[in-house]
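Down below is the structure, laid out as structure tokens.
The values are calculated or read from the model by the stated rules, or taken from the named source; none is laboratory data. Nothing here was measured: the structure is a model prediction, and the numbers come from that model. Every residue, glycine as well, gets a Cβ built from its backbone with ideal geometry; the counts of neighbours run over all protein chains shown.
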Amino acid sequence: MRNLITATDLPPISSPDIEYALLGPLFIIAGTAVLGVLVESFWPRASRFRTQVVLAVVGIVAALADTVWVYTDLDTVDADLVARGKIAAEGALSIDGPGVFAWGILLVFGLLSMLLFAERRLEGGLSAFTGRAADAPGSAAEAEAVKLKVEHTEVFPLALFALVGMMLFATSNDLLTMFVALEVLSLPLYLLCGLARRRRLLSQEAALKYFLLGAFSSVFFLYGIALAYGYAGSFDLSAIDTAVSARDGDENMLLAATALIAVGLLFKIGAAPFHTWTPDVYQGAPTPVTAFMAAGTKAAAFLALLRVFFVAFGGSQWDWRPTIVAIAIITMFLGAVVSISQTDVKRMLAYSSIAHAGFLLVGFVGAYAGVASSDRITSVSSVLFYLAVYGVSSIGAFAVVTLVRDSGGETTHLSKWAGLGRTSPWLAGSFALFMLSFAGIPLTGGFIGKWAVFSAAYAGGFWWLVVIGVLVSALAAYFYVRVIVLMFFTDPVGDGPTVAVPSALTSAVIIVATVATVGLGIIPGPVLDLAQHAGAFVR
């Protein structure tokens, strides 16, 4: 008679060991997003917008405070700060110095972006988002929604879901978790890009392009994950590193996996030749969403790129590093050269972001995993600092864009910005400061950021790449200075640009971004030391 297996014969199933204290910031943002969905379902519509704003801001501030606590509580592995933190959530997440630092800047970006989302004075008491996305542009139903002051208040929980996806993406320790995080951060952004109140057809086109190209890049990423699993027999980054270092698998499968995963990640950072979505999406999306993407998505994607290539594929660096170097050069040149021909401010900033992706890649290929010590700049620390500087300056620049308007809403054609320095010298001065920071002019955060990534590249022996980066920076300075000349030294066309009077929310964003841009240029030490203190990735 066949023996039957009973429940008592099976090994006990142990419950997963979840480090809830370390994962607190993730749970706070995710919980706040879920509460936002409940508010959409049950809260009275009359006060729903304010409730969502307060909920989002309070949730992000609470998560930021918890992130500070998590960072200060990370264990130091050794005196040289080689790695700080631990693997959590049954190996799915790596709560280490770089990841928690990324959480901090992502939450700051999220907080500033939520203030831009909450701005209502510019549209006569309504937000920058359309009242009902289902209404055809220019239809009577759309006019009715405007008359009734209907608003898409669910943009706040959508943004919070995207934010938690970014935080997961930056700390994922296995490829499957990374793919889930990629989709969690991407899907809400696809929706948000199509919700602009003005120029709705352009906004919907941007959302469709972003969705189609984003889905296409996700397929590449997922196929690369499958090949990496076939090579290493595991999704865990450390296990993949062990297999890569041993070189006991099919070499062609490894190369294919590396290339396909790189495509998915390079698409998210907007590196050439995977940049084609960037100018159209930046231009068509609601400007607060553009600011959120420009800062948050790039930061999260770069942390994921660093983690995958330094932890999982570090043993094959001589295979992928030449390709990344070539992509860095192409990306820098393409972003700088094409920016010169742009006549739209948002498209110019989009190509500027492409150029900055190239500069970040210079730091990425420099002092490879570097010996992370407290007195030496490395790829990781230089990229972390650069992302902080670039993100806050980008949000400030797009905040200024929301204020230069005409009868049709935001006026982003450069000709309309002529004479802005006379109409609103403080606003034009802030925008000029952000342009100088992007150009890497001394006494701005951008200068220190470029010094950091170029130092990392030089330390890695890529002095010639630093020379190329400096030359491209000089080329890129042309179109930044051109905008400054246009604002301060060019006569306005007609009555000149009209500057809307913002609420305290947008004003606060511009002031914080301005102070941070100057502060990180004059006193960069605290943040730069914090980035260096973050150490290397925990394996």
| field | Condition broken by residue 238, with the remaining ones in (1) in a helix (DSSP H, G or I); (2) surrounded by 23 or more Cβ atoms within 10 Å (Cβ to Cβ); (3) not aliphatic (A, V, I, L, M) satisfied | value | (2)
| request: Mind telling me which of the residues 21, 65 ends up being assigned to a loop (DSSP other than H, G, I, E, B), at pLDDT 80 or above and more than 30 Å from residue 130 (Cα to Cα)? | output: 21
| task | Pull up segment 384-420, narrow it to residues that are touching a residue at least 60 places away in the same chain (Cβ under 8 Å) and polar (S, T, N, Q), then point me to the one that is farthest from residue 102 (Cα to Cα). | result | 415
| Qualifying residues in segment 394-419 (those that are polar (S, T, N, Q) and over 18 Å from residue 438 (Cα atoms)) - the one surrounded by the fewest Cβ atoms within 10 Å (Cβ to Cβ) | 407
| Considering 520, 471, which residue is part of a helix (DSSP H, G or I), at negative phi, in contact with a helix residue (DSSP H, G or I) (Cβ under 7 Å, 6 or more places away or on another chain) and hydrophobic (A, V, I, L, M, F, W, C)? | 520
| query | Which is aliphatic (A, V, I, L, M), closer than 21 Å to residue 476 by Cα and modelled with pLDDT of 90 or more, of 300, 271? | reply | 271
| said: Restricting to segment 451-467, and then to whatever is out of contact with any helix residue (DSSP H, G or I) (no Cβ under 6 Å at 6 or more places or on another chain) and part of a helix (DSSP H, G or I), can you tell me which residue is farthest from residue 414 (Cα to Cα)? | reply: 459
| Could we say that residue 107 is out of contact with any Phe, Trp or Tyr (no Cβ under 9 Å at 6 or more places or on another chain), buried (at least 18 other Cβ atoms within 10 Å of the Cβ) and in a helix (DSSP H, G or I) here? | yes
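Can you confirm whether segment 94-102 contains a residue that is within 16 Å of residue 193 (Cα to Cα), of a type in the set (S, T, N, Q) and crowded, with 23+ Cβ neighbours inside 10 Å?
Checked segment 94-102: no residue is within 16 Å of residue 193 (Cα to Cα), of a type in the set (S, T, N, Q) and crowded, with 23+ Cβ neighbours inside 10 Å.
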| task | For segment 24-62, name all the residues that are more than 15 Å from residue 117 (Cβ to Cβ), among the aromatic types (Phe, Trp, Tyr) and assigned to a helix (DSSP H, G or I). | result | 27, 42
| Scope segment 459-480; condition surrounded by fewer than 19 Cβ atoms within 10 Å (Cβ to Cβ), touching a residue at least 12 places away in the same chain (Cβ under 8 Å) and of a type in the set (Phe, Trp, Tyr); matching residues | 478
| said: Please go through (1) in contact with a Leu (Cβ under 7 Å, 6 or more places away or on another chain); (2) farther than 26 Å from residue 515 by Cα; (3) surrounded by 16 or more Cβ atoms within 10 Å (Cβ to Cβ) for residue 137 and return the number of the only condition it doesn't satisfy. | reply: (3)
